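What follows is calculated from the coordinates using simple rules that are stated; it is not laboratory data. Predicted, not measured: the structure shown is a model, and the values here were computed from it. Note: ideal-geometry Cβ built from the backbone for every residue, glycine included; neighbour counts use all protein chains shown.
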Amino acid sequence: MPRVRSAEFFPRLVSAAAETFIAQGFQRTQMQDVADALGVAKGTVYGYVENKAALLAAAVRYADGIEELPGLAELPVPAPAEGELAALVADRLGHEVAELRLVKAMAGRRREPIADELTAIIADLYQRLARHRVSIKLIDRCAPELPDLGEVWFGAGRSGQVAALTDYLARRAATGAVRLPGPAPVVARTILETCVLWAVHLHWDPAGDRELLPSDTVASTLAGLLTHGLISRKGETP
């Protein structure tokens, strides 16, 4: 008898899978673990995804609501081909990077006070990280166990962001618009990791308060704090 699928169950499955992979990593997680988290038989999970790799891919694709959920006729989600998940992550990274305020600031002539420019860059970075919060946490946890995914994530992902911020800061420092308290790569990494901490990791901190402040409030607070420490007197006007 064919399995009867429910449109309401798939989002629950994606959420449970994401939390289980985040807690245990890819290798340790079993389909039974996710089934147990949902209180269903393991066979029910297989009615929605072909295998564990398909479950991870579904969590990455759908947990943040970035992509529209598949219809019942498209289930079970097939196992991704070799390199397919890494390609998906690389494509998503490429799209986000192309739209960064940082990239646009580097591409054109500065037409606003440096404080406004830098504040907008940091706030934009935070908001983009927050929008992909679950998939970032998920990939960060599982990528060390999956070499092709790790190559994309720790290369074009984290290192690429630090390199772009480093270049921006070095250029603005060379004109006297900002003052760097230390090497540009250290400052860039501090900005990125501070944003990641608040946009992503604190939401899984077992010792923290999950009822965090509104995203806009956190973004503006971080942007103001980090900008204040970098703006020189000379850099206050374009």
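Taking every C-alpha pair closer than 8 Å and separated by at least 6 residues, the mean separation divided by the residue count of the stretch 84-236 gives a relative contact order of 35 percent.
Treat each spin label as a single point 7 Å out from the Cα along the C-beta direction, and report the THR221 to ALA170 distance in nm. Going from the THR221 label point to the ALA170 one covers 3.4 nm. Peptides 107-113, 169-175 ordered by packing proxy, namely the average of other Cβ atoms within 10 Å per residue, highest first: 169-175, 107-113.
Here the calculated FRET efficiency for GLU84 and THR190, from their Cβ-Cβ distance with R0 = 41 Å, stands at 0.75, rounded to the nearest 0.05.
When the alpha carbon coordinates of the stretch 9-74 are projected onto the principal axes, the ranges are 28, 22, 18 Å, largest first.
Helix 52-62 and the longest principal axis of the C-alpha atoms of the chain enclose an angle of approximately 50°. GNM on the chain, C-alpha springs below 10 Å: top fluctuator among ALA16, ALA98, ALA123? The residue that fluctuates most here is ALA98.
A dipole drawn for the chain from +1 and -1 charges on Cβ atoms has a positive end, and of ILE66, LEU118, GLY83 the residue lying farthest that way is LEU118. Subtracting the Cα-Cα distance of GLN24 and HIS203 from 0.36 nm times their residue separation leaves 62.8 nm of extension gain. With a simple spin-label model that places each label point 7 Å from the Cα along the Cα-to-Cβ direction, the separation between PHE154 and LYS42 comes to 3.1 nm. Annotation for the stretch 27-90 versus the stretch 133-179: alpha-carbon center distance of 26 Å. Dividing the radius of gyration of the alpha carbons in the chain by their Kirkwood radius gives 1.05 for Rg/Rh. Among ALA207, ALA115, ALA37, determine the one that fluctuates most according to a GNM of the chain built with springs between C-alpha atoms less than 10 Å apart. Per the Cα network of the chain with a 10 Å cutoff, ALA207 tops the list.
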